[in-house]
Amino acid sequence: MIRNLTPEYFQQVIELGNLVHGEGYLNLASLEKIYQMGIKNNINAHFIAISDETSQIDSQSTIVGFRLTYAAGKWPIDQWCTSDKWPVSVEDMCYFKCNTVAEGQRGKGIGSRLLQASIAAVKQQGAKAGVSHLWQQSPNNSAVGYFTHAGGELIKLHPSRWNQRHDNSDYLCVICGDDCHCTACEMVIEFR
C-alpha cells in the first residue's frame with residue numbers, strides 16, 4: 001500500500017535509508033528538513049510503501065519503501081544540476097531526492113508506484129518536470145532502469161557525486177565505504 005509519509009514513520013524511513021544507501025544517509029534533522037521541502041500548497045510529495053502483509057495500517061506497520069521528493073521552487077540548485085539542459089525553468093522543476101525499496105521487496109513495482117504517486121503530487125503542486133540523480137551502482141542499475149522506464153532522460157553523468165570530500169558528510173557508501181566514487185546519472189522526466 002502506498003500512502004503519504006508522515007512523521008510517525010520517520011524512524012523507519014531513517015533506518016531503511018541507512019540500511020540501503022549506507023550509514024549516515026539520513027538522520028532525524030535531515031529528514032525533517034527534507035520533509036518540509038516536499039510540501040507545497042498543503043500537498044505532500046513524499047510517499048511510503050507499507051508491506052502488503054500488514055492487515056491494519058498504523059504507526060507500527062512495516063515500511064518496505066519510500067520516496068522523498070522536493071517541491072518545485074523549494075530546493076537548492078547546486079553544482080550537480082545542469083539546469084541549462086533542463087526542458088523547463090528551475091522554478092517549474094521538482095527534485096526526486098530518493099527512492100528506496102527494501103532488498104526483499106525489489107522487483108515488485110514498488111519503486112515505480114512510489115514515483116508515480118510523487119509525480120501526481122508535484123503536478124498538483126504546479127511542477128512541470130522533475131530531475132533526479134540516480135545511483136548508477138544500484139543493484140543491477142535498477143535505479144536508472146526504473147526511472148528510464150518511467151520516461152526519464154539522461155542529462156549528464158556525475159562521477160563521484162556523493163564523495164564525502166564534496167560535502168564533508170559522515171555518509172558511508174554501501175559499496176565504497178567512506179570514499180564514495182559512485183556515479184550519479186542526472187535524469188529528467190517531463191510531465192505531460
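The values are calculated or read from the model by the stated rules, or taken from the named source; none is laboratory data. All values reported here derive from a predicted model rather than from experimental measurement. Virtual Cβ from ideal backbone geometry, glycine too; neighbours counted across all protein chains shown. Please note that ligands, DNA and RNA were not included when accessible areas were found on the heavy atoms of the full protein model with its side chains. Shrake-Rupley method; radii C 1.70, N 1.55, O 1.52, S 1.80 Å.
Among the chymotrypsin sites (Phe, Trp or Tyr not before Pro) found in region 13-111, not one is both in a DSSP coil and sparsely packed, with 10 or fewer other Cβ atoms within 10 Å of its Cβ. Normalised by 2.2 N^0.38 Å, with N the number of residues, the alpha-carbon radius of gyration of region 11-100 equals 1.22. According to the square roots a ≥ b ≥ c of the eigenvalues of the Cα gyration tensor, what is the shape class of the chain, taking rounded for a/c under 1.5, prolate for a/b larger than b/c otherwise, and oblate for the remainder? Since a/c stays below 1.5, the shape of the chain is classed as rounded. Two numbers describe the Cα atoms of region 146-192: Rg and Dmax, which are 13.3, 40 Å.
Partner lysines whose Cα lies under 21 Å from the Cα of Lys40, excluding those fewer than 8 positions away in the same chain, are identified as Lys74, Lys97, Lys123, Lys128. When the surface is traced with a 1.4 Å probe over the full set of protein chains, Thr62 keeps roughly 70 Å² accessible.
Among the GluC sites (Glu not before Pro) found in region 4-94, those both in a DSSP coil and sparsely packed, with 10 or fewer other Cβ atoms within 10 Å of their Cβ, are Glu53. Per-residue surface analysis assigns Lys85 an accessible area of about 120 Å², computed on protein heavy atoms at 1.4 Å probe radius. Largest to smallest in accessible area, the residues Glu186, Glu153 fall in the order Glu153, Glu186 (1.4 Å probe, all protein chains included).
Solvent-accessible surface of the chain, taken per residue with a 1.4 Å probe and all protein chains present: 49 Å².
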